[in-house]
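Below is one structure, written out as structure tokens, with a few remarks after it.
The values are calculated or read from the model by the stated rules, or taken from the named source; none is laboratory data. Computed from a predicted model, the values in this text were never measured in an experiment. Reconstructed Cβ throughout: ideal geometry from the backbone, glycine too, with neighbour counts over all protein chains shown.
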Amino acid sequence: MAKDVLTFLIDNRDSFVSGEYIAKKLDISRQAVSKKINNLKEDGFVIESKTNKGYRLISFPDVIVPEYVVIETDYKPVLHYATIDSTNLQARKYALDGYPEKTLIVSEVQTAGRGRMGREWASPRGGLWFSFILRPRCVPSIAPILNFVVANSVAKATNELYGIGVKMKWPNDIFYEDKKICGIGILVSSDIDLMHYVVVGIGINVNNDTPDGATSLKSIIGKPIDRNVLLSRVLNRFKDEYTLFEKSNFSDIMDYSRSISNTIGKKVRVSFLGVEKIGTVLDIDQKGALILEDEDGSVSEILAGDVDFLRHL
Ligand code: BT5
């Protein structure tokens, strides 16, 4: 792909940029510029050409364009794959190899996408499957708050871009009405008292087909979504939310998460490693734990598990 010419078009995407200008800046001939423009068109970029004015980028193909994400966010490097087993596993390898914070791995398809506890995550073409590396300087006990930091970022991004109010199902799902549109899978490597690295994995159903019980943004909105714009917005929102985390401002994070929770007030079954508890969710506390009142009226704090909604009798 003609990356150099593309960067000029992205940088100037609200206006025309002349072939002569690009040729001069890149120290290549105008014919070479025009050839690269044709290559981009063949790759599915829609580019308007006007005599005496030059070229203007109209739209991207439905593929992640790393150059765009680098310009729009401060995530770098952006490592883009056509197919990969799992962006989380790949990000873990990069983290172990010493890649910096905000290294982003994104794949068009995952062949072995994973949820929590080794569950499968369906990752066909058209979805947004990505992971990035963080190196927080903090104690591991606050890592669960990161689920909420991510969930808030996805909720704010989708609300701002498409005006849809999504809900968070404790601890790591984003729902639209009663269907899952996004899952969050976070890997943490730490000593008992210090985190080494964190891999944040996010899967959003965008333009893809979805399994039962799930839906996509395309189905909700009724038209295909620009995944580059969504990816960049989620990353930029995450930057703001993560600043709150770094400043230990957990109350602002949790207040927002509580405001979008679909779990508080519900009668639920919570399962963790084969142990089940039934009760009503009273709250989610400042540590991100579920506060559950069981049928005898005793109240417990639950730090991890899966929630199933039960019907109130
Ligand atoms: C999650 O797990 O929801 C975390 C999913 C994280 C996926 C991202 S994609 C990028 C990165 N790379 C990875 O390999 N993973 C991360 P959990 O709460 O365990 O939910 C898993 C369950 O969600 C499955 O058992 C299915 O029931 C359901 N599921 C599978 N694929 C789905 C999809 N595309 N959309 C909605 N639900 C799905």
Does region 90-102 contain any residue that is of a type outside the set (G, A, S), more than 8 Å from the ligand (Cβ to nearest atom) and under 30 Å from D212 (Cβ atoms)?
yes
Scanning region 290-313 for residues that are under 30 Å from the mean Cα position of the chain (by Cα), more than 16 Å from the ligand (Cβ to nearest atom) and in contact (Cβ under 8 Å) with a residue 24 or more places away in the chain gives L292, L310
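Report those strands (runs of 3 or more DSSP E) wholly inside region 43-131 carrying at least 3 residues which are crowded, with 16+ Cβ neighbours inside 10 Å. Break it down stepwise before answering.
Details: elements: 46-50, 54-59, 78-84, 104-110.
The qualifying strands (runs of 3 or more DSSP E) are 54-59, 78-84, 104-110.
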Among the numbered criteria (1) surrounded by 24 or more Cβ atoms within 10 Å (Cβ to Cβ); (2) within 14 Å of the ligand (Cβ to nearest atom); (3) touching a residue at least 60 places away in the same chain (Cβ under 8 Å), which single criterion is violated by V149?
(2)
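Rundown of residues vs (1) among the β-branched types (V, I, T); (2) over 20 Å from R125 (Cβ atoms), yes/no style:
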site: S141; (1), (2): no, yes
site: P144; (1), (2): no, yes
site: A151; (1), (2): no, yes
site: Y162; (1), (2): no, yes
site: K167; (1), (2): no, yes
site: S190; (1), (2): no, yes
site: L217; (1), (2): no, no
site: V234; (1), (2): yes, no
Only one of P171, P136 that is over 12 Å from the mean Cα position of the chain (by Cα), within 9 Å of the ligand (Cβ to nearest atom) and not in a helix (DSSP H, G or I)
P171
Just give me the residues in region 83-108 being of a type in the set (K, R) and over 18 Å from the mean Cα position of the chain (by Cα), in sequence order.
K93
Can you tell me which residue in region 104-144 is nearest to S259 (Cα to Cα), limited to those that are modelled with pLDDT of 95 or more and of a type in the set (V, I, T)?
I133
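Condition (residue is in contact with a Gly (Cβ under 9 Å, 6 or more places away or on another chain) and surrounded by 14 or more Cβ atoms within 10 Å (Cβ to Cβ)) applied to region 228-249: is it met by at least one residue?
Among the residues of region 228-249, not one is in contact with a Gly (Cβ under 9 Å, 6 or more places away or on another chain) and surrounded by 14 or more Cβ atoms within 10 Å (Cβ to Cβ), which makes the answer no.
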Filter region 73-89 for residues that are under 15 Å from G203 (Cα atoms), aliphatic (A, V, I, L, M) and either out of contact with any strand residue (DSSP E or B) (no Cβ under 6 Å at 6 or more places or on another chain) or more than 10 Å from the ligand (Cβ to nearest atom) (or both) and give the result.
L89
Can we say V268 is in contact with a Phe, Trp or Tyr (Cβ under 7 Å, 6 or more places away or on another chain) and part of a strand (DSSP E or B)?
yes
